[in-house]
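K.L.:
Dropping a structure here in structure tokens format, bear with me for questions.
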Amino acid sequence: MAGLNGDPFLGIDDNIEKLQYNNNSKEVIDKEGLVVGIGEDSSNNKNNNQGGEKDMAGNSIHRSGSRPQLDLSKAEIQGNSEERDPTILLPNQTDDISHLALDIGGSLIKLVYFSRHEDQSVDDKRKKTVKERLGISNGNRRNFPILGGRLHFVKFETSKLNECLDFISSKQLHRGRIDSHHWNSEAPANENAVIKATGGGAYKFADLFKERLGVSIDKEDEMDCLVAGANFLLKAIRHEAFTHMEGHKEFVQIDHNDLFPYLLVNIGSGVSIIKVDGDGKFQRVSGTNVGGGTYWGLGRLLTKCNSFDELLELSQRGDNRTIDMLVGDIYGGMDYSKIGLSASTIASSFGKAISDKKELQDYRPEDISLSLLRMISYNIGQISYLNALRFGLKRIFFGGFFIRGHAYTMDTISFAVHFWSKGEAQAMFLRHEGFLGAVGAFMSYQKHGLDDLMVHHLVERFPMGAPYTGGKIHGPPLGDLNEKISWMEKFVLKGTEITAPVPMAPPGTTGLGGFEVPSSRGATLRSDASALNVGVLHLVPTLEVFPLLADPKMYEPNTIDLSDHKELEYWFTVLSEHLPDLVDKAVASEGGTDDAKRRGDAFARAFSAHLARLMEEPAAYGKLGLANLLELREECLREFQFLDAYRSIKQRENEASLAVLPDLLLELDHMDEETRLLTLIEGVLAANIFDWGSRACVDLYHKGTIIEIYRMSRNKMQRPWRVDDFDLFKERMLGSEGKKPRPHKRALLFVDNSGADIVLGMLPLARELLRCGTEVVLVANSLPALNDVTAMELPDIVAEAAKHCDILRRAAEAGGLLVDAMNNNTLDGSRGNSSSVPLMVVENGCGSPCIDLRQVSSELAAAAKHADLVILEGMGRALHTNFNARFKCEALKI
Amino acid sequence: MDHLAHVSNQPNSQPQSQISHLALDIGGSLIKLVYFCRYDDSCRDDDELRSQNESLGSKSDNSRPVLGGKLHFAKFETSKINDCLEFIHSMKLHLGGFHDCTAPSSDKIFIKATGGGAYKFADLFKEKLSVSLDKEDEMECLVTGANFLLKAVHQEAFTYLDGQKEFAQIDPNDLYPYLLVNIGSGVSMIKVDGDGKFERVSGTSLGGGTFWGLGRLLTKCKNFDELLELSHQGNNRVIDMLVGDIYGGTDYAKIGLSATTIASSFGKAISDNKELVDYKPEDISRSLLRMISNNIGQISYLNALRFGLKRIFFAGFFIRGHAYTMDTISVAVNFWSKGEAEAMFLRHEGFLGALGAFMSYEKQCLDGLTVNKIPQRFPISVSSAGNKIYCSMNGKSNGNESIECTVYGT
């Protein structure tokens, strides 16, 4: 991470001067002071590992049901069959797998479709060695019964069914089928293609699908789907459910083991009220015909609005008192307090409209819309509560497309539930509210293994222009990046502010002018955006929970809570100010071509739009932490194909640092043990706060000056630090009177920046650990993020460093990092491997400056098994996130 | 106004002495009046009456004067309160209040009144009629009125299902507990456990005011009864989204929904092809009526279920003895309770509150009000036509008959 000036991630700040050493077996005495206690708690550790294994065994039995998803016919082993864990070719498994499931309701069609990840698992040499060393093999592990890929969520108005059919056709969604035995997707076998669908329209439009797309609709029961969808979302997505009271949105962590029973209220055109007791165990206990269709139907007749969203938008400016009869109207402004009715309680919805003096046109559409909304929302809340009461249910989840994340609707429903239950029952809402049925239909494909997905397998991303339609903008989705950029440029030309995520449509497809440009600032866009606060769900079956977390359930990666508005504003300012610089770097990294400039502009706009959206509604994309925000930026860069904006800068930094490494190592080797250890830690701190990323410091990257600056900074790192547990660490490392040093078995070093940070900070520390006989695993990002070093880059850096250091060389050889050397070794046996503990590199599974330890790569999870020391380095991983994290083993946060 | 002359004929023959006691229920949309007229047939034997009353267990007392007579019922739209004031004035009904016993002069006359309007229009009554409104609690009046009617009036409650009206025999000793649903502009749901023992357990803002308010905006009907009348000829399928519309004409049998079940009220109105003017007012009225009736029936049942109540009495001016309304409510209760709970209606549905207010005189200056055991003769006297005169609503006169009764005066 970069940033002495301009970039916020690294200002010099006494916050950085910390060295936190903790062990879950002892209590923290003082947050700011020492963490006392060092002690092996390996028994605890071991138990946990066993538990984990047991768990896994249990899982695999459970999983066996979903295994047959792979078409194993004609399977053959590729290449040399003597090789351990050979790749198995599945010629009959189509590689372009996509699934589509539909929920065709009375007013909206919801689509959920799946696209497979491009196969990124290039099995490079490093990975293979790591796998061997860590005992990971494709054979005995989970074997990923779930396909990696993405779940997309799209909606259409049912009255515009043709647009939906065009969409499916243009994406060829109806062709992908997991159980096809035909390799060739052009084969006439498509006539047998089947799409899972639910909702009434699945019956009504079956013939049309057959005719237009040549596919059969396989009808799934609506209630089954709703429940399956809700159960899946509540279990699999961390921030799915939230409460909404008086404008305040709060995410609720649902314990999977304590989910049932609950009441599910699905508000579509009508309302279904379902009591859910478990997976597939439910009963539709009630419902009401006063639902979303009533709101929109009556609303259309009364206001001449052209769309549901327009009607909803109107309600925000309405005053229902002009049209509803309130208790105060009947009682001459007084409350009827005896029965607990305040003067502002609605006695009779539309009750004032009985007046002879006013006709329909005399009422404001805004007021009518609000009266209608309150009437219907309140009624649904009341009937839902009465049903919850009947069955003693405390939790009521409201889903369905009526809600659309609309604050007032949710508040009204919450109020009704709260009022009638006297605070005993709670109304909760779902982020994927409209997609329960469609997700459920998707789940009904037996073979995707989705049921086995765990929270940590899912990553939700919010790309610019997730391809959905609705509201006023229609048309087929954008085909490629180029169209996306042009589309955004159109908006900019028209002077319309883009509020992300926006529906995408190519110009010129919907008659005059292409698309209707909203008259006011993003009004149409925003109401549409608020309707869909869901991103694309990435299914990454290789992700796992970091096994060394002391309490995964309580773990919260973010140290900084962005629900604090001041904090939020600060970070938004910081990110906005840094944006031009980042765009410059990104464009330069792609050679500064016109194309790169165009993409850079688009990126800047897209990211600003995301920021604007989040500023307006911080919880729009789920609970917002700093880590999410920083990752969003990286994802956004990748979306516009800036794969590594800091590539050249990182390279330069690495070269400069490597050049001075020998001097440093020499200096270190002349120190006594204790001084050396302190100097090493100081060095890590010093190297990390270097702002090598900022322009002002680039000049310093000249041979000769870098080491001086490094030493100067190091000298500034005088103890005591803000959080200073050095003595504890020293005692463990070097021993003290009467106590022998007890070297760790394996240390996981979470590294941060390229350049001085890795080369002059972390590598020397790693070297020291290796010297003590501790195995060292360098944990680095899978994908680039700012100037962070990646797992792909590390082997080269280590190889270069190893040229000057025997300790590093032998360890790297043992860890299989020195490819050439290892090849030589294999020829004449494994000589030398035993002479050193290994130095290894694993990827952490993420591409962000921060790390969420609930979602790490399986590689890292495996490496963690035998680790008894965790070292987290840098602002992103040790301060902004994980500062409060507790581990099962000893941990050092630098 | 030709009816005015018609009705004035009779009571006016002996106005001063005949009328005593008026009570009002001034709601959000309607004002309900209950007043008592003595028999003009003065030769009637009071003893005969008393012997009848004794069998009812009334607190008859030989030493007290007994007033035989009829209770009359009338209603006005609240917006036309001046018509109501004029009616009271012309009938000299306001003189039938009670005089404050502490003040010997008769300038302080009190009339019992309930409903929100008793507060809101108190000054107006003072100004126009020089009477003070003695405010009685609304819920208390409703319950008192209902209890009186259910216990004392023969064939007051009835069920209505599939067009069949059937009077229910209510054993006065086995009346409680029951759920009383009063559908006025809004809806109050009251659990009644005995005389004066009750609790308002729920309510909904989707009531008569919603039907009439939305109906006016959507149909240009001039009055509530016209709107109700329209619904007779309507077909809600034109505008409601039925289960069959969603499922391509088939039932969703698995969860017990037939193709004709309404999935979404007004759900078909979302179609782009039709505007408000393209829908028949009859169909709109029908959809609206079904939506509101069904909703009230459902919420009532859920509340009855909560407290284990088997009997639900529906009252209030929304119903107006309207067959389709009662049918819809009954079907809703029957559907959701799977036949376990029963919706019942009251002939004097609209006058519970007014009657309750009337009963409250008892505390101060009436000793008892009993109903003659003689079965009511209806349609009765001309005075029952009161509603036809001043109210522009031409509802069935069901429930507005006068009741023959006896008042034990002060």
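No value in this document is a laboratory result; all are computed from the given coordinates. In this text the structure is predicted, and so the values were computed from the model without any measurement. Reconstructed Cβ throughout: ideal geometry from the backbone, glycine too, with neighbour counts over all protein chains shown.
K.L.:
Which whole number of Å³ per residue matches the convex hull of the alpha-carbon atoms in region A:564-624? Display every interim value, and only then the final one.
P.N.:
Details: hull volume 4.6 nm³, N = 61.
Convex hull volume per residue, Cα atoms: 76 Å³.
K.L.:
Rounded to the nearest 20 Debye, what is the dipole magnitude of region A:564-624 about its Cα centre when Lys and Arg each give +1 and Asp and Glu each give -1 at the C-beta? Please report the intermediate quantities before stating the final value.
P.N.:
Working: 8 positive and 12 negative charges, 35 e Å.
In debye, rounded to 20, region A:564-624 gives about 160.
K.L.:
On average, how many beta carbons from a partner chain sit within 10 Å of the beta carbon of a residue in A:203-212?
P.N.:
Working: counts 6, 7, 1, 1, 1, 0, 0, 0, 0, 0.
Whole-number average of other-chain Cβ neighbours for A:203-212 is 2.
K.L.:
For a Förster distance of 51 Å, can you work out the FRET efficiency between the beta-carbons of B:His89 and B:Gln233, rounded to the nearest 0.05? Let's see the in-between values first.
P.N.:
On the way: r = 40 Å, r/R0 = 0.78.
FRET efficiency, B:His89 to B:Gln233: 0.80.
K.L.:
OK, next. Extending each Cα 7 Å along its Cβ direction at A:Asp796 and A:Asp218, get the distance between those two points in nm, one decimal.
P.N.:
4.7 nm
K.L.:
Moving on to the next point. Relative contact order for region A:564-624: what percent, with Cα pairs under 8 Å and sequence separation of 6 or more? Can you show the working numbers first?
P.N.:
Details: 22 pairs, mean separation 19.6, N = 61.
Contact order relative to length: 32 percent.
K.L.:
Here's something else I'd like to know. To the nearest 20 Debye, how big is the dipole of region A:609-651 about its Cα centre, given +1 on the beta carbon of each Lys and Arg and -1 on that of each Asp and Glu? Mind showing how you got there, number by number?
P.N.:
Working: 6 positive and 7 negative charges, 33 e Å.
Roughly 160 debye for region A:609-651.
K.L.:
Once you put a point 7 Å from the Cα of A:Ser563 and another 7 Å from the Cα of A:Glu359, both along the Cβ direction, what distance in nm separates them?
P.N.:
With each label point 7 Å from Cα toward Cβ, the separation is 5.1 nm.
K.L.:
Let me ask something else about it. List A:Ser576, A:Ser836, A:Ser170 from most exposed to least, where exposure is judged by having the fewest other Cβ atoms within 10 Å.
P.N.:
Working: A:Ser576 15, A:Ser836 21, A:Ser170 12.
By the 10 Å Cβ count, ascending: A:Ser170, A:Ser576, A:Ser836.
K.L.:
Along region A:385-397, what does the Karplus equation 6.51 cos²θ - 1.76 cosθ + 1.60 (θ = phi - 60°) give for ³J(HN,Hα), rounded to whole Hz, x for Gly and Pro?
P.N.:
In residue order, the calculated couplings are 4, 4, 6, 4, 4, 3, 10, x, 9, 8, 9, 10, 9 Hz.
K.L.:
Ignore the peptide's own chain and count Cβ atoms of other chains within 10 Å of each Cβ in A:369-376; give me the average, rounded.
P.N.:
Working: counts 0, 0, 4, 1, 0, 1, 5, 2.
Average per residue, whole number: 2.
K.L.:
Using mean Cβ contacts within 10 Å as the protection proxy, how do B:150-163, A:395-408 order, highest first? Before the final figure, lay out the partial values.
P.N.:
Details: B:150-163: 16.8, A:395-408: 23.7.
Those peptides, ordered most packed to least, come out A:395-408, B:150-163.
K.L.:
Take the cross-link list A:Lys235/A:Lys566; B:Lys80/B:Lys220; B:Lys70/B:Lys151; A:Lys553/A:Lys893; A:Lys160/A:Lys204; A:Lys865/A:Lys893 and give me the ones stretching past 26 Å between alpha-carbons. Please list the in-between numbers first.
P.N.:
Values: A:Lys235/A:Lys566 32 Å; B:Lys80/B:Lys220 19 Å; B:Lys70/B:Lys151 18 Å; A:Lys553/A:Lys893 21 Å; A:Lys160/A:Lys204 14 Å; A:Lys865/A:Lys893 19 Å.
Cα-Cα > 26 Å for A:Lys235/A:Lys566; rest within.
K.L.:
State, to one decimal in nm, how far the label point of A:Met615 lies from the label point of B:Lys280, with both points 7 Å from Cα in the Cβ direction.
P.N.:
In this crude label model, A:Met615 to B:Lys280 measures out at 5.7 nm.
K.L.:
Put +1 on the Cβ of every Lys and Arg and -1 on every Asp and Glu Cβ in region B:152-223; which of B:Gly207, B:Cys221, B:Pro177 then has its Cα farthest towards the positive end of the dipole?
P.N.:
B:Cys221
K.L.:
Let me ask another. Work out the mean other chain Cβ neighbour count within 10 Å for the residues of B:270-279 and drop it here as an integer.
P.N.:
On the way: counts 18, 4, 6, 1, 2, 3, 6, 1, 1, 1.
That works out to 4 on average.
K.L.:
OK, next. Which order results if A:Asp564, A:Asp324 are arranged by neighbouring Cβ count within 10 Å, fewest first? Before the final figure, lay out each step's value.
P.N.:
Working: A:Asp564 11, A:Asp324 28.
By the 10 Å Cβ count, ascending: A:Asp564, A:Asp324.
K.L.:
Sorting check: for A:421-428, A:307-314, A:672-679, which peptide has the highest mean count of neighbouring beta carbons within 10 Å, and how do the rest follow?
P.N.:
Working: A:421-428: 17.0, A:307-314: 22.4, A:672-679: 14.9.
Ranking the peptides A:421-428, A:307-314, A:672-679 by packing returns A:307-314, A:421-428, A:672-679.
K.L.:
Still on this structure, I have one more. Hey, can you grab everything whose amide H is under 5 Å from the amide H of A:Val285? Only 5+ residues off in sequence or another chain; H modelled, so Pro and N-termini drop out.
P.N.:
Here A:Ile273, A:Ile274, A:Lys275 satisfy the definition.
K.L.:
Next question, about the same structure. Based on other C-beta atoms within 10 Å, arrange A:Tyr385, A:Tyr295 from fewest to most. All intermediate terms of the calculation are to be shown ahead of the outcome.
P.N.:
On the way: A:Tyr385 26, A:Tyr295 29.
So the ranking, lowest neighbour count to highest, is A:Tyr385, A:Tyr295.
K.L.:
How big is the charge dipole of region B:103-187 about its Cα centre, in debye rounded to the nearest 20, if each Lys and Arg gets +1 on its Cβ and each Asp and Glu gets -1 on its Cβ? Don't jump to the answer; show the numbers that get you there.
P.N.:
On the way: 8 positive and 13 negative charges, 73 e Å.
Dipole about the Cα centre, nearest 20: 360 debye.
K.L.:
Which trypsin sites (Lys or Arg not before Pro) in region A:249-348 sit in a loop by DSSP (not H, G, I, E or B) and have at most 15 other Cβ atoms within 10 Å of their own Cβ?
P.N.:
Details: sites: A:Lys249, A:Lys275, A:Lys281, A:Arg284, A:Arg300, A:Lys304, A:Arg317, A:Arg321, A:Lys338; in loops: A:Lys304, A:Arg317.
Passing sites in region A:249-348 are A:Lys304, A:Arg317.
K.L.:
So which trypsin sites (Lys or Arg not before Pro) in region A:735-778 end up in coil per DSSP with only 14 or fewer other C-beta atoms within 10 Å?
P.N.:
Values: sites: A:Lys739, A:Lys745, A:Arg746, A:Arg767, A:Arg771; in loops: A:Lys739, A:Lys745.
In loop regions of region A:735-778 (DSSP not H, G, I, E or B), the sparsely surrounded trypsin sites (Lys or Arg not before Pro) are A:Lys739.
K.L.:
With r defined as the distance between the Cβ atoms of A:Asp551 and A:Met245 and R0 fixed at 22 Å, what FRET efficiency is calculated, to the nearest 0.05? Write out the running numbers ahead of the final one.
P.N.:
Numbers: r = 29 Å, r/R0 = 1.31.
Between A:Asp551 and A:Met245 the formula returns 0.15.
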